[in-house]
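Notes follow once the structure below has been shown.
The values are calculated or read from the model by the stated rules, or taken from the named source; none is laboratory data. As the structure is a prediction and not an experimental result, all values here were calculated from the model. No Cβ is skipped: glycine too gets one built from the backbone with ideal geometry, and neighbour counts run over all protein chains shown.
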Amino acid sequence: MEYKNNRLSIFISSPASYLDVFDIWFTCYRKFWANSEYSVVKATDLSVKNYPNIDVVFSGKENDGWVDRSIPFLRQIESKYILLMCDDIFIVDFVENEKIEEILNFMDKYNVHFCRLSPTKRGRKAQKNIKFLPLRMPYAKNLQFGIYNKEYLLNEFKENSETAWNVENRWNKESLLSPKGFYTDVIGIQKPIMKYVHGINKSKWYPSAINKISKLGIEIRSERRVMTRIEEIRLNFIGNIGAYFAPRFRFKIKRILKRFGIKFHTEY
């Protein structure tokens, strides 16, 4: 692997079955982050396609899990920091490298292990647009979108057989059992430094995401099903339960809703 900037690398772990999704991710990336100073590594299971200026690495194991696929390639990356992105996190506006560097400088200075890039109003202000996140905040740490100290991330994986949902469920359980207070090594941002659209849930497109991406002049070539507007509203509500309720009450709400057939990716 060759690197533009050894300080940070962008890492996306995406199976070959999501090739149609990653094609759109790549189009958005090339359109809105053409001046990126960072290398991009795409880990996948089967080698099916190459992309300009992206290191495509593959495990050779069809339909392997996210953790099992990612660990070997993360170990090979020399960068101190990893910007994790899912293949359905689509950049929809121009990215300023300076804002990424500001985050990295703060992480260096205060020995921060993770910066959540999904904006939140919660937390204790550290400096402009940066907050130390609450210990009890669900998904304060997540595998969807954020900047990790690479060694810290690798140490958080207990074993290769874990799924990404297992990892996040473990983190959420730790948050549920935590005392009140704030992390000293986990931060978040209040306003986005990268504007994005989350496009897919349970293999189906959000109709709002298709509408937004299409308005940007980006063609969506995908035969995936599109969920109904009602499905999208329902899933958005379920996904935002953590924002509406305290962690312990959130856990109870999930248990009640499960009795009515509503499924969640994580238990906590």
Original post:
Which of the residues that make up the stretch 205-223 are loosely packed, with under 15 Cβ neighbours inside 10 Å and either touching a Lys or Arg at 6+ places or on another chain (Cβ under 7 Å) or within 18 Å of Leu117 (Cβ to Cβ) (or both)?
Top reply: Pro207
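One residue is enough: does the stretch 187-204 have a residue meeting the conditions polar (S, T, N, Q), buried (at least 16 other Cβ atoms within 10 Å of the Cβ) and either touching a Lys or Arg at 6+ places or on another chain (Cβ under 9 Å) or at negative phi (or both)? Walk me through it before giving the result.
Residues of the stretch 187-204 that are polar (S, T, N, Q), as a first pass: 190, 201, 203.
So of that shortlist, the ones also buried (at least 16 other Cβ atoms within 10 Å of the Cβ) come out as 201.
In the following step, the residues that additionally are either touching a Lys or Arg at 6+ places or on another chain (Cβ under 9 Å) or at negative phi (or both) were identified as 201.
Taking every residue of the stretch 187-204 in turn, at least one turns out to be polar (S, T, N, Q), buried (at least 16 other Cβ atoms within 10 Å of the Cβ) and either touching a Lys or Arg at 6+ places or on another chain (Cβ under 9 Å) or at negative phi (or both).
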**OP:** Determine which single condition Asn6 fails, assuming it passes every other condition in (1) more than 12 Å from Ile77 (Cα to Cα); (2) more than 17 Å from the chain's Cα centre (by Cα).
**Re:** (1)
Subject >> Given (1) in contact with a strand residue (DSSP E or B) (Cβ under 6 Å, 6 or more places away or on another chain); (2) among the aromatic types (Phe, Trp, Tyr); (3) surrounded by fewer than 18 Cβ atoms within 10 Å (Cβ to Cβ), index of the condition Tyr110 fails >> reply: (1)
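Of all residues in the stretch 114-129, which are surrounded by fewer than 21 Cβ atoms within 10 Å (Cβ to Cβ) and touching a residue at least 60 places away in the same chain (Cβ under 8 Å)?
Narrowing the stretch 114-129 to residues surrounded by fewer than 21 Cβ atoms within 10 Å (Cβ to Cβ): 118-122, 124-129.
Residues satisfying the conditions are Ser118, Pro119, Thr120, Lys121, Arg122, Ala126, Asn129.
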Subject >> Residue list for the stretch 148-186, restricted to those being closer than 20 Å to Gln76 by Cβ, at pLDDT below 90 and surrounded by 15 or more Cβ atoms within 10 Å (Cβ to Cβ) >> reply: Phe157, Glu162, Ala164
Subject >> Residue ranges of strands (runs of 3 or more DSSP E) in the stretch 41-104 with at least 1 members surrounded by fewer than 18 Cβ atoms within 10 Å (Cβ to Cβ) >> reply: 55-58
